[in-house]
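The values are calculated or read from the model by the stated rules, or taken from the named source; none is laboratory data. Note that this is a predicted model, so its numbers are computed, not measured. We place every Cβ from the backbone using ideal geometry, glycine too, and count neighbours over all the protein chains shown. With ligands, DNA and RNA removed, areas are computed over all heavy atoms of the protein, side chains included. Shrake-Rupley method; radii C 1.70, N 1.55, O 1.52, S 1.80 Å.
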Amino acid sequence: KTLAPPPVGIVEIYTDGACTGNPGPCSYGMLRREGDAYFEVSQWLGHGTNNIGELWAIKVAVEELEDRDAKVLIHTDSSYSIGVLSKGWKAKANVSLITEIKGLLADCSDVTFVKVKGHSGLPLNERADRLAVEAIERDA
């Protein structure tokens, strides 16, 4: 089934982290759609937690943005990431990574986090999850 592209002017991003054990082998998956353009990336991060994978996916997504003034929707199933990056939650761990991502986000004009339910059959969220899992299977 082919999905319609995002509306004109919207950069649509889906992110996910994966971890085998928590902590354990850790990775992320990220995909970005803008118009007809499609990009995806995944990476094994070594030993870490699921939260680290989730945060890294968002970090890479923001780093890879070409237009910092675009309207960006970052879809994630991580309440933790949304909380520490956009709702003022106090971070007790991963502080330097969170600070780095907040700095990247500050350079963007219009980023909105969209909470999605994990493993609910949403095709692009499932793809981000699959990318993260494949990175562990491939590289760990």
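The set of residues in region 33-48 being under 15 Å from V133 (Cβ atoms), open to solvent by 60 Å² or more (accessible area, probe 1.4 Å) and of a type outside the set (S, T, N, Q) consists of E40, W44. For A128, indicate whether it is in contact with a Ser or Thr (Cβ under 7 Å, 6 or more places away or on another chain), crowded, with 17+ Cβ neighbours inside 10 Å and either under 18 Å from P6 (Cβ atoms) or among the aliphatic types (A, V, I, L, M) (or both). Considered against the rule, which asks whether it is in contact with a Ser or Thr (Cβ under 7 Å, 6 or more places away or on another chain), crowded, with 17+ Cβ neighbours inside 10 Å and either under 18 Å from P6 (Cβ atoms) or among the aliphatic types (A, V, I, L, M) (or both), A128 comes out as yes. Of all the numbered requirements in (1) within 18 Å of I136 (Cβ to Cβ); (2) touching a Lys or Arg at 6+ places or on another chain (Cβ under 6 Å), I101 misses one, and that requirement is (1). Any idea which residue in region 106-116 is most open to solvent (accessible area, probe 1.4 Å), counting only those that are among the β-branched types (V, I, T) and either under 15 Å from A128 (Cβ atoms) or in a loop (DSSP other than H, G, I, E, B) (or both)? Result: V114.
Within region 91-102, the set of residues being more than 12 Å from the chain's Cα centre (by Cα), on the phi < 0 side of the Ramachandran plot and in contact (Cβ under 8 Å) with a residue 24 or more places away in the chain comprises A93, L97, I98, E100.
Exactly one residue among G88, G83 is at pLDDT 95 or above, in a loop (DSSP other than H, G, I, E, B) and more than 12 Å from the chain's Cα centre (by Cα), and that residue is G88. Against the numbered list (1) in contact with a Cys (Cβ under 7 Å, 6 or more places away or on another chain); (2) open to solvent by less than 10 Å² (accessible area, probe 1.4 Å); (3) closer than 24 Å to P23 by Cβ, V72 comes up short only at (3).
Selection of region 85-105 for residues being within 19 Å of G48 (Cβ to Cβ) and open to solvent by less than 70 Å² (accessible area, probe 1.4 Å) yields L85, A91, A93, N94, L97, I98, I101.
Screening I82 with (1) more than 21 Å from S120 (Cα to Cα); (2) aliphatic (A, V, I, L, M); (3) surrounded by fewer than 21 Cβ atoms within 10 Å (Cβ to Cβ) gives one miss only, at (1). Across region 1-42, the number of residues qualifying as small (G, A, S) and modelled with pLDDT of 95 or more comes to 6.
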